[in-house]
Amino acid sequence: MTTSTSIEKALRDQGILPLFYHDDVQLCLSRVCTLQKAGIRVIEFTNRGPEALTNFKALVDFQKKSDQVLCLGVGTIYTAAQANIYIEAGAQFIVSPIFSLDIALRCAEKNILYIPGCMTPTEVFTASTAGCALVKLFPAHVLGAAYLKSLVELFPAVNFMPTGGIQLDPLVLKSWNQAGAVAIGLGNPLFNGITVEEELTARVKSLLELTATFTK
């Protein structure tokens, strides 16, 4: 049985969180299958299009038939009502671009990891006092690694996952880890330019080898 604590640990161990959305369910299934084969065990599917719920349910069906551990969460959630829908559909964790106390309370009831998006010290404090141990620093590329380092100094008990526009350059990724990131959310930069499955496999394996050297 997966819990909020076990998923957070799996995410920290993985070091990156792939996140994506696509209208094409077959592409979604293929992408998740490739990520899983490359060694990914935690994936965020974002609620960013008309087919989000339908395609997520297809991913949950794939997950149930898989012979390997796979944790599926949903991102871009703004309300407790949205969270409810996806939790009932099988979401094992919820990610937001904002902090919502209603979502935090709903996830706590279900022992589901909630990762809110925060930008300011006030938002981080509000999220942490509501019980959120892992916070998504968003938008990361606007704020920078130096900003994260300052937040870590203010909130040493909070774990941070910078997300948004982070490039795959090893030096850039290392700078985020050295600033205090326990994991890094990767969306478009992870999938841009991919034309065949083998390219994504190689890219992910290279990233996992890199993050294995990071401080956890």
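Quick notes
- Separation of alpha-carbon centers, segment 122-200 and segment 53-96, rounded to whole Å: 21
- The chain - accessible surface per residue (Å², probe 1.4 Å): 46
- Note on the chain: with charges restricted to the Cβ of Lys and Arg (+1) and Asp and Glu (-1), its dipole about the Cα centre is near 360 debye.
- Note: relative contact order over segment 124-187, using C-alpha pairs below 8 Å and six or more positions apart, is 35 percent.
- Segment 132-216 shape via C-alpha gyration tensor axes, a/c threshold 1.5: prolate
- Using the Cβ-Cβ distance between D23 and Y147 with R0 set to 30 Å, the FRET efficiency from 1/(1 + (r/R0)^6) comes to roughly 0.30.
- Sequence-separation-based contact order of segment 31-76, relative, with Cα cut under 8 Å and 6+ spacing, percent: 56
- Value at 222 nm in deg cm²/dmol, rounded to 500, when DSSP H runs of n ≥ 4 in the chain each add -39,500 (n - 2.57): -15000 deg cm²/dmol
- For I115, nonlocal amide neighbours, meaning residues 5 or more places apart or on other chains whose placed amide H falls under 5 Å from its own, are I94, V95, S96.
- Among complete DSSP H helices in the chain, those whose alpha-carbon atoms stretch at least 18 Å along the helix's long axis and whose mean Kyte-Doolittle hydropathy reaches 0.0 are 25-38.
- The chain, relative contact order [Cα under 8 Å, separation at least 6], %: 22
- Solvent-accessible area assigned to carbon and sulfur over segment 140-216 amounts to 55 percent, based on a 1.4 Å probe.
- Once the convex hull of all Cα atoms in the chain is built, its volume per residue stands at 109 Å³.
The values are calculated or read from the model by the stated rules, or taken from the named source; none is laboratory data. Keep in mind it's a predicted model, so treat the numbers as computed, not measured. Because the Cβ atoms are built from the backbone with ideal geometry, glycine has one as well, and the counts that use them run over all protein chains shown. Side chains included, ligands, DNA and RNA excluded: accessible areas come from the protein's heavy atoms. Shrake-Rupley method; radii C 1.70, N 1.55, O 1.52, S 1.80 Å.
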